[in-house]
Each structure stands twice: as C-alpha cells, then as structure tokens.
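Input: a single structure, listed below in structure tokens.
The values are calculated or read from the model by the stated rules, or taken from the named source; none is laboratory data. Quick caveat: nothing in here was measured; it's all calculated off a predicted structure. All Cβ positions, even for glycine, are placed from backbone atoms using ideal geometry, and neighbour counts span all protein chains on display. Areas reflect the complete protein model, heavy atoms only, side chains present, ligands, DNA and RNA absent. Shrake-Rupley method; radii C 1.70, N 1.55, O 1.52, S 1.80 Å.
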Amino acid sequence: MKTSTEPLDLLRDALATARQNWWLFVDWLAVVEWKQLAILWLLVLIGFGLLNAPEAGVWFMLISFGVKVMGSGKRKAELEAAAADRKADVANLERRLTQAQMATLQAQVEPHFLFNTLALIGQLIETDPPEAARVHAHLIDYLRSSLPQMRAAGSATLGKQVELSRAYLAIMQARMKERLTVQFRVPDFLGSAPFPPMMLQTLIENAIKHGLEPNIAGGHITVSARVEEATLVVDVSDNGAGFHPTSDEGLGLANIHERLRLLFGRDAELVIESPAGGGTRASIRLPYQMMETS
C-alpha cells in the first residue's frame, strides 16, 4: 500500500509546486515592464536556438504575451490592492503603537500632579488645617472640571490647557500665598488651537519646583502664547533661580520631549532658555492649527 501511494504523493507535490510557480510567473508578468519582457524574450529565443529547440522559445513568448495582455491588468490591480492593504495594516499598527506610547507617557504625568497635591494636603493638615481644607476643596474643583479634559487628548486645545493651568495655580497659590504671582498673556483666538494635554501644566510645575520654590521670596510666572509664521509658541517664564544647563531635565521635561516627537516628529520642539533678566523661559513650539468645527 505504501509503494502504491508514493507516486500519487509525488504527483500531487509536483502539481502543487507547478501551480505555485505558475502564479508567481503570472504575478511577475503583471508588474514587469514591456521593455524588460522583450529583453527576456530575446534571451529565451537565443537560448533555445542554441539548444536546437526554437519552437519552445516561440511558445514561451506567445504564452507570456497572451497572459500579460489578457490577465496582467486585473492581476496587477489585485497585487496593488493587496500591497495597499498591507501598507494600511502597517500604518494602523504604527498608529496604535503610538497611541499606546502616548497613553503611557500621559499616565506618567497625571499621578505626578495628584501625588504632589495630596502630599501638600498631608503637610498642611499638621501645620495649617484650615489651609489644608481650602487646598482640598481646590483639588476637588480641579478634578471635577479637568479630569475629563486630561483624558480627552484628541480634543485638547490651548484654551482648555490654560483653564487647567489656572486651576492648578490656584492650588499652588493657596500653598505659597504671596510668594507666587501669576500672569496669563494668551489671546482669545488661540484658545481653539489644538494643544497636547498636560504639557503646559508640566512646564508650570517645573517652573515652581526648580525656579520659585528655592527662592525664599518666591517669584512670578508668566504664561504667554503667540503665533510666529505657522508655529504656535507657548512660553512659561519665571524670575526664579534660573536654568542650569548641566542639571537633569527630569521626568516631566523628558516626557514632553518624547510626546512632541511622537506627535509631530521634527516639526515641534521644547526649548529651555535663560533670559537676559534672569530666571527661565520654557517654550513649546509646534505647528499652528485651528480647531476644526463641525
């Protein structure tokens, strides 16, 4: 029984291999240029002529010509459609990977603010219970109004981020009192411009932690925005301790660098400068767009 089935198995394998090679040949004919095919015909005719079998070369030329004329258009369209599907699948996977990376980066930022605020409330409970109660109330108001915006990254605008930053600074002013003064210089028309969530607040946190808190007298923070040609520039300036080029930028600024890279590539940047009058200016620069309205 084993001997009788072996020839059938060999025949089936041979037919499967021939079928696979035939479709590979058809796919090649679908995409090859006529000039290249003509060169191949010439080489085939010469080769079979040297073997004293010119008829085989002629048959190859006729068959390949017929296949290319009759079926190559449809087959080429099928191949191009399959290639487009594969490209779309790759683009979709890359987009989902980017979204996952962005979610991870944003998840690093949000607890950072919450933990710091809760730690502040814990300190004030021991030293100033009434102030702790006020900061706690500010935090509840902040979360009630801002947490949905923090999660809705796709609809984040500069106006919403300014609103969040005002709420955050209200908490910080409750803590620092007269040691912290704030000014916003953001034109109303820029409020609808798309802007990544939590970046502005991260710059403000960084200015307070590294610029103002080390100073006994505290200091002043200015948040401003403007458009330079096609670039939206958002600045957070302080008159605090100043920027040290050799210092570690920390999680917050590294997070902003990475998120800007994922969102805009080389079209956006975070710039840290030391103004002539002292202090630090941190600028986020990204392509300016108006929010689409439905």
Filter region 156-181 down to the residues that are among the polar types (S, T, N, Q) and part of a helix (DSSP H, G or I), then identify the one that is farthest from L139 (Cα to Cα). Q161
Considering each residue of region 202-227, count those that are assigned to a helix (DSSP H, G or I) and either in contact with a Phe, Trp or Tyr (Cβ under 9 Å, 6 or more places away or on another chain) or more than 12 Å from Y168 (Cβ to Cβ) (or both), and give that number. 8
Can you find a residue that is assigned to a helix (DSSP H, G or I), of a type in the set (G, A, S) and either surrounded by 15 or more Cβ atoms within 10 Å (Cβ to Cβ) or touching a strand residue (DSSP E or B) at 6+ places or on another chain (Cβ under 6 Å) (or both) anywhere in region 245-257? yes
Given (1) part of a helix (DSSP H, G or I); (2) open to solvent by 30 Å² or more (accessible area, probe 1.4 Å); (3) among the hydrophobic types (A, V, I, L, M, F, W, C), identify the lone condition not met by F184. (1)
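In this structure, does T222 turn out to be within 27 Å of R285 (Cβ to Cβ), among the hydroxyl-bearing types (S, T, Y) and either modelled with pLDDT under 85 or within 28 Å of the chain's Cα centre (by Cα) (or both)?
Working: within 27 Å of R285 (Cβ to Cβ): yes; among the hydroxyl-bearing types (S, T, Y): yes; either modelled with pLDDT under 85 or within 28 Å of the chain's Cα centre (by Cα) (or both): no.
Taking the combined requirement at face value, the residue does not satisfy it.
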L270 fails exactly one of the following numbered conditions: (1) more than 19 Å from the chain's Cα centre (by Cα); (2) part of a strand (DSSP E or B). What is the number of that condition? (1)
Within region 32-44, the residues that are of a type in the set (A, V, I, L, M, F, W, C), open to solvent by 60 Å² or more (accessible area, probe 1.4 Å) and at pLDDT below 75 are W34
What is the residue count in region 198-213 for residues that are out of contact with any helix residue (DSSP H, G or I) (no Cβ under 9 Å at 6 or more places or on another chain) and modelled with pLDDT of 90 or more? 1
Inside region 197-240, the number of residues satisfying the requirement of being open to solvent by 20 Å² or more (accessible area, probe 1.4 Å) and closer than 17 Å to A156 by Cβ is 0
Output for Cβ contacts, cut-off 6 Å, separation at least six or different chains, first residue touching a residue at least 12 places away in the same chain (Cβ under 8 Å) and of a type in the set (V, I, T) in region 252-276, second surrounded by 14 or more Cβ atoms within 10 Å (Cβ to Cβ) and assigned to a loop (DSSP other than H, G, I, E, B), reads I272/F243
